[in-house]
Every structure is written in C-alpha cells, then in structure tokens.
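Written below as structure tokens is the structure these notes are about.
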C-alpha cells in the first residue's frame, strides 16, 4: 500500500479541495413566495430593479443620483419607515476631499430610544458604472431587511438605516454622518454591506472594536457563514476603504460584509443588473438578517470585550479568542516534541526535514514568478482578469508540480515518511508562532491545521504501520482550506496582476504533500505537470486577453491648459492602447501633463483645443492678520462640472480652509500625482456654488491653480474608435481643464 500513498495523497487533496469549495458555495435563491420571515433575493432584486431602473451611473450630485434618492425615499414612505435627508458637506479625514452629500437616514423604533443597531450601505455609484453590485446589492439588502424588521418588531433596540452618498468620492457621506448627524453618538453597533464585482460569496470582511459578541451572534445565526479574520490584517496594510473605515474611526463596534467575485466588472459599465448574481444578493441577506435580529434583541451596553479570530472550514464556522492562539501553538509544540522523542528523531534528520519544505515553498514560488513573468513578456502586458482564466489556472496549479514533487522525492531519499512529516510540521509551527506574534488575526489560518496535524501525528505514532500511514494522510484534510482553497480565493479577488499573493499558499500545499511523494508514480505525475504547464503557458499567450464580458479597462482624458491653450488626449490604462485607437491617434508623447506634477506622463497625444468656458471665480473678501491672509471665494462651474479643485504648492503657504463653518487642515498630498502640493477637491458641484475660505501664511502672492473635472468629454473620433473590448473604469472618461490663479 505504501507505494500508492502518493496517489492517495493527491486524491485526498482533490476531494478535500472540491468539498471545501462545495460546502462554501453560494446559497440557493429563495423565491418571492417564501415566508415573510425569510430573506428572498427575488424580492430584493425586484426592489433593486425599481431603484436602478434607469440602468445608468448615478454619481454624487448628478440628476440620476437625485432620482435614485427620490425612489429610496418613496419606497421607505410606502413601508411607513420614517426617513430624512441629511444634506451637508462631507470631508475626508485622510485627504482634502469634500462633497455636498445627501444621506438618507431612516429610523425603525424599538422598545428603547437608543442605542441603535445601524445598517449601512451607499447609494451613489462611480461615473462609468450603474452600480448594481457596488453598492446596489448592499442597498437593496438593508432596505429589504429594514422592511422585515419593522414588520417583526418592535425589537429591544431601534434600527437605523444609514444610506450614504459620495462613498465613491472618499467615504464622504459616512464622514458627514459621523461628524455632524445628531444620532452619530447613539449608534451602538453597525453592519456595513458592500460589493466589489458582480458575484461571489458575501464574506465577513472585517470587524471593529471587541468583536466576540458580534462574531458569536453571526456564527450562531448564519446558515452560510463565510469570512476569515486574516482579511483584518490585509486591510490594515492596504489603501482599500469602505464606509466602515469611518465608523471604525468613530469607535463604533461593527461588522463589514462584502463580495468580490468577477472583479473585472468593478467600477465599469458591466456592474449592471444583468450581470449581478442573484445568489450573491441572497447570501448578503442570509448573512445580515439573522445577525441584525440578534443584535436588535441584545443589550448593546454589555458587548463582550474580547476579540475573536475566525474562519470558515468545510462550511463550519470556527472561532476562538485571539489570546488563545499562542497557547494552541504551545500545545501543538508539546505534541510534536513528544512524537519526535518517541520516534527518536535525530537532530541531523530534523534539520533536513525542516529545510526541505522551506526549499519547496521558495522553489515553487520562484518557478511561478518566472513562469508568469514569461507570460507577461510574451503578451506584452499583465491582465488582472483575462477573458478566460482556464489556461492561467493550469499554469498556476501545475507549475509547482514540476519542481515541488522532484524536490520532495529527492529529500525523501534521506527521510522516512514520519521524519519528513515531523520536519514539515515543525516548520509549520514556526510559521504559526510568527503569525501569532506579528499577525494575530491571521494566525488561525495556520494554527488550525497545525493543531489537527499534531493530534493526528501523535495518534499515528502508536498505531501499526498501515493504520499509521492512513492517519498521517489525513493531515492533508485540514491543510487544503488554508492552502489550495486560499489560492483560488486570492486568484479570484486579487487577479493576475497580484498573482504573487497566491504563491505562499500554493507553496505551503506542496510542502505539506511532500512527505508522501514517493514511489514509481512520481515521474508520471511530474510529466503530467510539465504537459499542463507547457500547455497552459501556450494557452495564455495564444488566446484573447479581453472579451466583452471581461474587457480592458481604459479611460480617455482630455486635458487642457486654459492659459497656454495646449490640450492633450491621455489614454489611461495599465495595458497597451488598443490597435484601432492607436491607429486613430498616436499616443507616443511623454510630457509633464500637469504643472503640479513633474514626472512625465506617457500615452499622450496632441489634441486640438476645445472651447471651454472658465469657471466663475470671485474673491468676495480678503482679511489680513498677524498669521497671514484669508480669502473668501465663490466658485461655480459654467459647464456644470461635478468636480472643482485647487492646487497650491507647499511654498504658497496654504494652512487650512473653512467650509460651511468648519475648519480643516490643508494636508500635503503624498501620492505621486501631486506630491508636495495641497490639493483641495470639491465634488457634487454640478448645480452648486462653492463658498470656501482659504487661509495662508505670509502676505503673498499665493500662486496656484483652479481646475475642473467633468465627464463631458469633447466629441471626438477617439470615443468611437475605442474598441468594445475597452471600457472606462473608476472615474471614467474625463475632461480636465485648469488655469493659474494668484492671490
């Protein structure tokens, strides 16, 4: 039997992989005829179709945004849910970005007057996207659940629906609520619901403050719990944000849910009702409804103070107090030490046994890196989500076979299966210990397999040889969720531009299977791996990178200096300009596009200047003091541009600005596009005049720039020449004009 252990190990890994995927799959959609006590994605989808029936983008300040807002208010009125508009300026605490926002705040009374259980989502979209996933799905979820809770109530705690505006402009609606709304200090707990793509599991993205009560309530109530505390650690180190980030700064306990499948659709026209997966909407409801019910009935003044780590393993929700992680690592270390002593593992063998899996992790990662670099070199670009991922996945999953299995077979010439396993799990223990100390929210991902493997190895050490081998094989069962399934999750959500995020998880799987890589079947399996790797590589460079369902992301910017009468087209993309577009106009210029941005911009083409009306700009008052000068401005856009911004270099002496009676520090930009400058961005300005006071040190002159951004790109053949396989993304096609000002 021992000569077939390698094939058994592969079979167990494959079965465990597909089982974990199946048990973590999306729930079935419940029809509109289901009982009123159950969340129906069909009912929520009907509501969402009503709210987004125009099928067009609705960014802050737009007429489409106003229509969506009015539909939300009308629906709430039909449900007899009291709602109001919070109209206010919202300003980012991270950068000088403000917008005039119109949040919708609705109250469902409880037995107590406060604190509130808040459900939060945003109703604005980015300019290119209809916003069905981001964040129409979240909006429909909290509205439908609000309706259900009102019907079932009153609960102990009142419910607050916080429907924010201008999330896409820097979380500005949430900033306005937590800065100015009279109920901001009465929120006891918050559930935020977001989306990033058009499908995928609704996952518990992150938590805030002490989370034990929340995690317990979620795990006990959800039929399809999903998430990993690992994501908390990722968010601490990434620039990504949701409205939940603002509630974290406000020190409100809470939970953030989001999905992130088919991310090529994120912030593009493909984020529409037709592409939205109704099962994802069902999963949102299955997550939020039972949690909201439990929190609405809890004493929110008595939330437990400890913090849990958590994950989903084979459809089961597993959590424990974070401080317990170190003790679990110690327990596993004791078990491994006992087994190592029992089998008389020699130090020399232990060194080889620990080094072998480390080498495999590094070698598989290196080969994957080189293989994908070769693919990028041949394709001439890297596409995050190619038209078909099949060939790319063949490369991802087969390349490590080519080097991982031969290295394991080589090491196993000098090690018994038991010695190799002990070395592997001592290495795993070292990684788990490092995580427990440095990345505590991610440690459970390694600790759970470590603890299970330590127990299995201890049991195997007292069993007969055949039984011992079978028990040792079972160590792979707990490895799969933390390795192969994690590879697939990262590939789907991060894409091939960040495919390196999968390398460790892939390497750790091949290290974990390495003790069983023995016998005459190793060479045929390696040969199969070579065939798949070569075939996959050929597939990645011979099939189209884009399709209408997964197009290239490309914005066309028209940029004009109103003083110099120079204008350029800028093809803004991480990938090469499509051939038809390049044939219409040569994007070969490389110049400093903006006077406040010294590095040269690529993919530029000279353009004929457009007839652009300058913004209306009036200084209504100038005040001098011992600290410097203050200028009161009134600015409005003659062409109803949604964004107006000022740029002042550090030398201009801008210190702060007053807006709507509030004082804000003028922060220097750290991003490369305007580093060393103060950039004050004001959004939602389509039909609104800006009244702002700028405060400077010194007596001047204070030189800078006044600029506008709109989606009203001048009519040009370029827009027709852009292939259907290239679509605007994020802020989309834009017209940017700027002029000098001196105060």
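So, in the range 698-730, exactly how many residues are over 27 Å from residue 124 (Cα atoms) and touching a strand residue (DSSP E or B) at 6+ places or on another chain (Cβ under 7 Å)? Before the answer, list the steps.
Of the residues in the range 698-730, the ones over 27 Å from residue 124 (Cα atoms) are 698-705, 716-718, 720-721, 723.
So of that shortlist, the ones also touching a strand residue (DSSP E or B) at 6+ places or on another chain (Cβ under 7 Å) come out as 698-705, 718.
Counting residues in the range 698-730 that are over 27 Å from residue 124 (Cα atoms) and touching a strand residue (DSSP E or B) at 6+ places or on another chain (Cβ under 7 Å) gives 9.
Which number in (1) within 26 Å of residue 107 (Cα to Cα); (2) within 14 Å of the chain's Cα centre (by Cα); (3) crowded, with 22+ Cβ neighbours inside 10 Å marks the one condition that residue 245 misses?
(3)
Could you check, for the range 511-533, whether at least one of its residues is free of Cβ contacts under 8 Å to residues at least 24 places away in the same chain, surrounded by fewer than 15 Cβ atoms within 10 Å (Cβ to Cβ) and in the same structural domain as residue 595 (by TED's automatic domain parsing)?
So far as the range 511-533 goes, no, none of its residues is free of Cβ contacts under 8 Å to residues at least 24 places away in the same chain, surrounded by fewer than 15 Cβ atoms within 10 Å (Cβ to Cβ) and in the same structural domain as residue 595 (by TED's automatic domain parsing).
Are any of the residues in the range 359-366 within 25 Å of the chain's Cα centre (by Cα) and either in contact (Cβ under 8 Å) with a residue 12 or more places away in the chain or assigned by TED's automatic domain parsing to the domain that holds residue 237 (or both)? I'd like the intermediate steps shown before the answer.
Restricting attention to the range 359-366, the residues satisfying the condition of being within 25 Å of the chain's Cα centre (by Cα) are 365.
Right, trim to either in contact (Cβ under 8 Å) with a residue 12 or more places away in the chain or assigned by TED's automatic domain parsing to the domain that holds residue 237 (or both) and you get 365.
Among the residues of the range 359-366, at least one is within 25 Å of the chain's Cα centre (by Cα) and either in contact (Cβ under 8 Å) with a residue 12 or more places away in the chain or assigned by TED's automatic domain parsing to the domain that holds residue 237 (or both), which makes the answer yes.
All but one of (1) surrounded by fewer than 16 Cβ atoms within 10 Å (Cβ to Cβ); (2) more than 29 Å from the chain's Cα centre (by Cα); (3) free of Cβ contacts under 8 Å to residues at least 60 places away in the same chain hold for residue 342, so report the exception by its number.
Every condition holds for residue 342 apart from (3).
Can you spot a residue in the range 259-275 that is at positive phi and either part of a helix (DSSP H, G or I) or surrounded by 19 or more Cβ atoms within 10 Å (Cβ to Cβ) (or both)? Write out each step before concluding.
In the first step, residues of the range 259-275 are kept if they are at positive phi; the result is 262, 267.
Keeping just the survivors that are either part of a helix (DSSP H, G or I) or surrounded by 19 or more Cβ atoms within 10 Å (Cβ to Cβ) (or both) gives 262, 267.
Yes - at least one qualifying residue is present in the range 259-275.
Given the condition closer than 24 Å to residue 77 by Cβ and either more than 23 Å from the chain's Cα centre (by Cα) or not assigned by TED's automatic domain parsing to the domain that holds residue 263 (or both), answer yes or no: does some residue in the range 116-134 qualify?
yes
Only one of these is surrounded by fewer than 18 Cβ atoms within 10 Å (Cβ to Cβ), in contact (Cβ under 8 Å) with a residue 24 or more places away in the chain, in a helix (DSSP H, G or I) and not assigned by TED's automatic domain parsing to the domain that holds residue 577: 374, 370. Name it.
Numbers: 370 fails: in contact (Cβ under 8 Å) with a residue 24 or more places away in the chain.
That would be 374, the only listed residue that is surrounded by fewer than 18 Cβ atoms within 10 Å (Cβ to Cβ), in contact (Cβ under 8 Å) with a residue 24 or more places away in the chain, in a helix (DSSP H, G or I) and not assigned by TED's automatic domain parsing to the domain that holds residue 577.
Restricting the search to the range 541-561, which residues are touching a strand residue (DSSP E or B) at 6+ places or on another chain (Cβ under 6 Å) and either closer than 15 Å to residue 714 by Cα or in a strand (DSSP E or B) (or both)? Please lay out each step first, then the result.
Here is the first cut: in the range 541-561, the ones touching a strand residue (DSSP E or B) at 6+ places or on another chain (Cβ under 6 Å) are 546, 551-552, 554-555, 557-560.
Residues satisfying the conditions are 552, 555, 557, 558, 559, 560.
Quick check on the range 420-441. Is at least one of its residues at negative phi, assigned by TED's automatic domain parsing to the domain that holds residue 11, crowded, with 22+ Cβ neighbours inside 10 Å and touching a strand residue (DSSP E or B) at 6+ places or on another chain (Cβ under 7 Å)?
Yes.
For the range 582-697, please list each of the strands (runs of 3 or more DSSP E) lying entirely inside it that holds at least 1 residues being touching a strand residue (DSSP E or B) at 6+ places or on another chain (Cβ under 7 Å) and without any contact (Cβ under 8 Å) to a residue 24 or more places away in the chain.
589-591, 601-606, 616-624, 662-665
The values are calculated or read from the model by the stated rules, or taken from the named source; none is laboratory data. Being a predicted model, the structure only gives us computed values, none of them experimental. Note that each Cβ is placed from the backbone with ideal geometry, even for glycine, and that neighbours are counted across all protein chains shown.
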